[in-house]
Amino acid sequence: MSGVSIIGEREQGQDVRTSNITAVIGLANIVKTSLGPQGLDKMLVDSIGDVTITNDGATILSQLEVEHPAAKVLVELANLQDKEVGDGTTSVVILAAELLKRANNLVKNKIHPTTVMAGYRLALKEMIKYIKSNLTVKVEDLGRDALISAARTSMSSKIVGSESAFFSEMVVTAMERVKTINNMGKTKYPVKNVNILKVHGKSSKESMLINGYALEMGRAAQGMPTSIENAKIACIAFNLNKFRLHMGIQVLVKDPAELEAIRQKEMDFTKDRVNMIIESGANVVLCSGGIDDFALKYFVEAGVIALRRVSISDMRRIATATGATVVTNLSDYETSDEKFEASNLGSCSLVQEKRIGDYDHIFFEGLAETNCQTIVIRGANEYFLDEVDRSLHDSLCVVKRILESNAIVTGGGAVETSLSVYLDDFARTLESRELLAISEVAESLLIIPKTLAINAALDATDLVAKLKVFHHASQTAEDQSKKELKHYGLDLINGKCRNNMIAGVLEPAISKVKSLKFAIEAAIAILRVDDMIKIAPKLTEEDKMRLAQQQAAAQGQDFF
Amino acid sequence: MFANPMRQAPVMVLQNNTKREQGKKAQLSNIKAAKAVADVVRTTLGPSSMLKMLLDPMGGIVMTNDGNAILREIDVAHPAAKSMIELARAQDEEVGDGTTSVIVLAGQILQAAEIFIEKRVHPTVVVNAYFKAMEEILKITEELGVDIDVDSEEDIKKIVTSCIGTKFSHKWGDLIVDLAIKATKTVLRQSGKEVEIDLKRYAKVEKIPGGTIEDCTVLDGVMFNKDVTHGEMRRKIENPRIVLLDCPLEYKKGESMTNIEMSNEEDFKKALESEEEEVRKMCEHILRVKPDIVITEKGISDFCQHFLMKGNNITMIRRIRKTDNNRLARVCGATIAHRPEELQEEDVGTLSGLFEVKKIGDDYFTFVTESKNPEACSILLRGASKDVLNEIERNLQDAMQVARSVIINPKLVPGGGALEMELASRLIEHSKEVEGLQQWPFKALASALEVIPRTLAQNCGGNVVRLMTELRAKHSKDDGLWYGIDGNKGVIANMKEIDIWDPVAVKLQTYKTAIESSCMLLRIDDVVSGMKKTKKQAAPQQEEEPRPDEGHTFGDERDG
């Protein structure tokens, strides 16, 4: 062996490219069948036997244990799309894989990867420009129906697809209610303010939207009232157990009677605190720690609902929603006494304990400050609920994006086909080698309508050809009436092309733009790789010694 | 290095040990698994059902015909089968009855879809048709519901009787029915429009082997497995004044670390005395409210017993459960107190008429009965063996749940498969209006509903084919609505005449759960298994019943 050798494996040039791309395509094939309204779900079983049933690309990919490094890039891509946009995770993976497949063919035909990459970048720029100038529609022009349609579109591929009319209304209402204006003066729609609870039983149609926040717990003692109107809420981030000195502190007493006094004092401490809280006017007390039984009695007597072991994140959210302050201790800076200010209390119009299914829930309705919303999902079993949760989350994100960016595009392959036709024309205006790469991008985009059609068991070639004709007409015709043809996409139920703007198949523009960006960037990242080195695990000292000995022995043999 | 560059090693995207099942194969294997689960419980449907005997690894026996109880014990590996088992649980927690029907129905519905999958009909078509059919089913079921008068004992009795009819305890006729109705009515609490029936917390079933079934009663109060702490205490008190505590009546050190420094013998004596003094004080506080009985969740020291018993003739019971204490508080109208020094007159419970400790078999049991307006109760079950008692308890739980469902939603539908038959015939009629390919799965679902009467007929040994044809003929006529299978005789009968009814709530839940879950399983086209568990996603399950104080009792629950 000559020259420098590397401990480990190494792949170079075309080999590594092909291997990477095969892996990526393999991964895309896994999620391919889950795209579109006729897409199906995957059942993922882990080694313990826990089951996840899902249609969400990001969830599928993150649950799979992907080993191949290039494939891992794609998994991250899906996660990124999930975080940034929340929807369109499957299509981004499929698109990236298709782009890579075609890039590989170009490279095989002796076009340098950098040329391909440059072409891809240029195509991306053109596409985004085109989407922004020609394909987006402002939501104001369409109103609330557009929001509902968009929510529905994102749900159509999921298990809630057949109930999408019901859920989309719920999602849009929830998002409209959580509208807030942040201190920068911008209107925000935080998805986090929509709390999703899952309770099995009943059917998905009995899921409900509650104007308020809900906790999955019962009140601390059965003697407390089940509902309180005009609630004043105290949030307490310390426990109301018997007071105890910190570890390591010892109290030395001479007189045994004092011992008893200490014991009483311990209880009195907490009693005083409880009374202070009650006296401030609080009638609902959330405590992050425990509440001792003896302390509960005071709450019961005062007719206060006390909740113990509320998770701190729930408490913070309730505190912001009701205008309460989370109190971490009661000490007063001016005097050495403790006090609980009434200004720390938050308020809401109704606090109520209700039983849903077999579990108690505490509802906070009519919150004073911000509007939290709670969606309680009902359904046949846990797997079903988890999947509905994921679907609703996606839809919430979609609605948020639309509300914040105010722009939508048509779905059902309309945008992709339109871009493809446009890029094809655009490529012909170039004189450089990038032309080839750009027309490949144009072809790759068609994978989305194609996959949609295949998943619906329709004739993909025929339908996509028809679509292309429509879009070509819309882009070239002078006639204004033909311009509307740009909204034509697939109707997967009847196997036809139709105006998806009218049919209400809508997606947020930002989701399309982002997914194109992510797909192309990921493709470029993988394409840039021309050498893969897998470092072998480091040898220990012992191993090295043994190796050296073996080598020495071998050499010795050669010598003699 | 010399390897042929054309021959590449296969690119591994996923880990080696992951297994995949795709497409039709996955769908068919899911259906098969669901069918297998349904077959396990099939014979336990209806009045002529058989029990199952399940042996657990520890050698314990469960004998039951409750679908949920059977499936809970079975350990399955197939993910789809797991999902089926979840259904029984959801049904049990939501309505408490119909667990077997839901499994049998779901199995049948999936089986009905099998032929479509074989014929390459797209699963989403089947799923959409199923959802459509479900809507129709729910509509018809609501329509057919017959209103009943909740206040009339007879009406409720009818329905609970037909629920019990399929169970083991059916042998004892009205006995269990009466128990269930009485218990449910006892815990019913009405505040305005809201009806609260918390069977889980306030209706406790106590099983004592021995005696005869006829000895089973619903107490107008509660009982628990405890004896007075000292043999000489009064065991029978009329119109007792009861004090409930959840603190120990013995000397207890404080929470903070305290040490006593003793310099001479006197100090030691003094320390002991002051301990005694503390307990004495505690006792005096208790004496202030002049109770006849003191019951605490914690321990009672010998000294305290002596003090309260000798001079004041007070009966004491220690270490009862928190849940028992809660029930007791509701029965006798007492408030559970923690600090003896804060006892007030209002905290004393005076509402119950009789306190009595009885010896049944080898154990002592405390009864607090003859309460004026008990809002909690204990149900005392007697019977030959523990296994029989366990089964009666399960039956009773079902019956109480049914009674609860009826009181909350007072509507009935005919049982004995009559409703399913009617639904089937109406849906088949309706299917002619369903457009396109969906017509077939719609029809198939309709026929799948017939599995309930068919299984009933099978289980009672009737001539299945003849009965089913006859029944179908009856239902095709306008006045055939009430005809179903009389599971005892194996003939067709008018359900109205022989009084076989089911609550609408139970039936609705059965259809919803069965159809929704089948749809979920049908949508799966890829099963990936064998991944390592990476993240813990599922939130910890809520505990069945918070029992924060169980730790403080010292292990011996049964002392007394």
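No lab work stands behind these numbers, since they all come straight from the coordinates. Model, not experiment: these values are computed from the prediction. Because the Cβ atoms are built from the backbone with ideal geometry, glycine has one as well, and the counts that use them run over all protein chains shown.
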Residue satisfying all of: in segment B:72-102; more than 12 Å from chain A (Cβ to nearest Cβ) and assigned to a helix (DSSP H, G or I); nearest to B:GLY417 (Cα to Cα) among these: B:SER101
Are there any pairs, at least 6 apart or on different chains, whose C-beta atoms fall under 7 Å, with the first in segment A:218-243 and at the interface with another protein chain (Cβ under 8 Å from one of its Cβ atoms) and the second in a loop (DSSP other than H, G, I, E, B) and polar (S, T, N, Q), and if so, which? A:GLY223/B:THR335
In this structure, is A:LEU467 in contact with a Cys (Cβ under 8 Å, 6 or more places away or on another chain), part of a helix (DSSP H, G or I) and crowded, with 23+ Cβ neighbours inside 10 Å? yes
Wholly within segment B:235-337, which helices (runs of 4 or more DSSP H) include no fewer than the required count, namely at least 1 residues that are at negative phi, touching a Leu at 6+ places or on another chain (Cβ under 8 Å) and touching a residue at least 60 places away in the same chain (Cβ under 8 Å)? B:322-332
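Looking at segment A:234-267, which of the residues that are among the aliphatic types (A, V, I, L, M) and assigned to a helix (DSSP H, G or I) is nearest to A:TYR298 (Cα to Cα)?
A:MET267
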Quick one: which strands (runs of 3 or more DSSP E) lie wholly within segment A:1-78 and hold at least 1 residues that are of a type in the set (D, E, K, R) and free of Cβ contacts under 8 Å to residues at least 60 places away in the same chain? A:41-46
Please give the number of the condition A:THR270 fails out of (1) touching a Phe, Trp or Tyr at 6+ places or on another chain (Cβ under 8 Å); (2) in a strand (DSSP E or B). (2)
Looking at the structure I just gave you, is A:GLU440 out of contact with any Cys (no Cβ under 7 Å at 6 or more places or on another chain), not in a helix (DSSP H, G or I) and not small (Gly, Ala, Ser)? no
In segment B:178-194, the residues that are closer than 21 Å to B:LYS372 by Cβ and either exposed (fewer than 15 other Cβ atoms within 10 Å of the Cβ) or aromatic (Phe, Trp, Tyr) (or both): B:GLN190, B:SER191
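Having 2 or more residues that are farther than 30 Å from B:SER518 by Cα is the bar; report the strands (runs of 3 or more DSSP E) wholly within segment A:302-410 that clear it.
Values: elements: A:305-307, A:346-356, A:359-367, A:373-379, A:407-410.
Counting at least 2 such residues, we get A:305-307, A:346-356, A:359-367, A:407-410.
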Any residue in segment A:406-428 that is on the phi > 0 side of the Ramachandran plot and surrounded by fewer than 24 Cβ atoms within 10 Å (Cβ to Cβ) sitting within a Cβ distance under 9 Å of a residue that is in a strand (DSSP E or B) and not polar (S, T, N, Q)? List the pairs, counting only those 6 or more apart or interchain. A:ASN406/A:LYS138
When residues of segment B:288-298 are filtered for being surrounded by fewer than 19 Cβ atoms within 10 Å (Cβ to Cβ) and touching a strand residue (DSSP E or B) at 6+ places or on another chain (Cβ under 9 Å), how many remain? 1
Just one of (1) farther than 30 Å from B:HIS475 by Cα; (2) in a helix (DSSP H, G or I); (3) of a type in the set (A, V, I, L, M, F, W, C) trips up B:ILE156, so point out which. (1)
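Suppose the filter is in a loop (DSSP other than H, G, I, E, B), surrounded by fewer than 20 Cβ atoms within 10 Å (Cβ to Cβ) and within 13 Å of chain B (Cβ to nearest Cβ); does A:ILE111 pass it?
Numbers: in a loop (DSSP other than H, G, I, E, B): yes; surrounded by fewer than 20 Cβ atoms within 10 Å (Cβ to Cβ): yes; within 13 Å of chain B (Cβ to nearest Cβ): no.
So A:ILE111 does not fit the description; no.
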Can you run down the residue pairs with Cβ atoms below 6 Å, 6 or more apart or on separate chains, where the first is in segment A:276-296 and within 9 Å of chain B (Cβ to nearest Cβ) and the partner is of a type in the set (Val, Ile, Thr)? A:ALA295/A:THR270; A:ALA295/A:VAL274
In segment B:500-519, anything of a type in the set (A, V, I, L, M) and touching a strand residue (DSSP E or B) at 6+ places or on another chain (Cβ under 6 Å) is listed as B:VAL504
When segment B:41-69 is examined, which residues are found to be part of a helix (DSSP H, G or I), in contact with a Lys or Arg (Cβ under 9 Å, 6 or more places away or on another chain) and buried (at least 19 other Cβ atoms within 10 Å of the Cβ)? B:VAL41, B:THR44, B:ASN68, B:ALA69
